[in-house]
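Below: one structure, written as structure tokens.
The values are calculated or read from the model by the stated rules, or taken from the named source; none is laboratory data. None of these values were measured; they are calculated from a predicted model. Note: ideal-geometry Cβ built from the backbone for every residue, glycine included; neighbour counts use all protein chains shown.
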Amino acid sequence: MVFTNCGNCRTLMPVDWQIDEHTVVQPDVLVVCGADIEGEKLIIPPVLVFEILSPSTARKDRTIKYQLYKDAGVRYYCLGDPETSSAEVFELKDKNYRKMDTFEKDKVGFDIREWLITFDFSKVFFEG
């Protein structure tokens, strides 16, 4: 992951994110900008979340977490699927997720305020 023009972004994995008083999740990988972790938990929404699908988590990642992240204002949600060597990427627009595309060996730019985060999906699924 490459951060351009940003000294405040951090990649965290795994870390608890307390969405509200009753809801704590632990995304596989997340990016926060300008945020500190309170104690051992993140208390503000990340700007980018990656979940890696597995047979035991896929349904929850596609439904429950999708809705939680959308409602909490996570700007980008990526669902990586090792079985298909691809990732679906969703962007929050007008309070709803819109699918950007499904990526395989692509570099994708995530526009975060005045900076750009570039992620190379070929390094996840095709390097080895």
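Within region 22-47, the set of residues being under 13 Å from the mean Cα position of the chain (by Cα) and part of a strand (DSSP E or B) comprises V25, V29, L30, V31, V32, C33.
Conditions (1) part of a strand (DSSP E or B); (2) over 26 Å from D20 (Cα atoms); (3) at pLDDT below 90; (4) among the charged types (D, E, K, R), marked per residue:
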residue: Q67; (1), (2), (3), (4): no, no, no, no
residue: K70; (1), (2), (3), (4): no, no, no, yes
residue: L116; (1), (2), (3), (4): yes, yes, yes, no
residue: V124; (1), (2), (3), (4): no, yes, yes, no
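Within region 48-63, restricting attention to residues that are closer than 14 Å to Y97 by Cβ and not hydroxyl-bearing (S, T, Y), the residue that is nearest to the chain's Cα centre (by Cα) is V49. Assess whether T84 counts as being modelled with pLDDT under 95, within 13 Å of the chain's Cα centre (by Cα) and over 25 Å from D71 (Cβ atoms). When the stated conditions are applied, T84 does not pass them.
Selection over region 1-25 of residues that are under 20 Å from R62 (Cβ atoms) and at pLDDT 90 or above gives a count of 5. For region 54-77, the set of residues classified as surrounded by 13 or more Cβ atoms within 10 Å (Cβ to Cβ) and among the basic types (K, R) consists of K60, R62, K65, K70, R75, listed by residue number. If I go through region 26-52 residue by residue, how many of them are at pLDDT 90 or above and over 26 Å from L116 (Cβ atoms)? Of the residues in that region, 1 qualify.
With respect to the conditions (1) surrounded by fewer than 16 Cβ atoms within 10 Å (Cβ to Cβ); (2) touching a helix residue (DSSP H, G or I) at 6+ places or on another chain (Cβ under 8 Å); (3) part of a strand (DSSP E or B), K105 lacks only one, and its number is (3). Of all residues in region 47-68, which are in contact (Cβ under 8 Å) with a residue 40 or more places away in the chain and either under 18 Å from D94 (Cα atoms) or of a type in the set (A, V, I, L, M, F, W, C) (or both)? Matches in region 47-68: V47, L48, L68.
Could you please give the count of residues in region 72-86 that are under 14 Å from F110 (Cα atoms), outside any loop (DSSP other than H, G, I, E, B) and not hydroxyl-bearing (S, T, Y)?
Residues meeting the conditions: 1.
Across region 91-116, the qualifying residues are those that are touching a residue at least 60 places away in the same chain (Cβ under 8 Å) and more than 15 Å from the chain's Cα centre (by Cα), and the one among them that is nearest to T11 (Cα to Cα) is W115.
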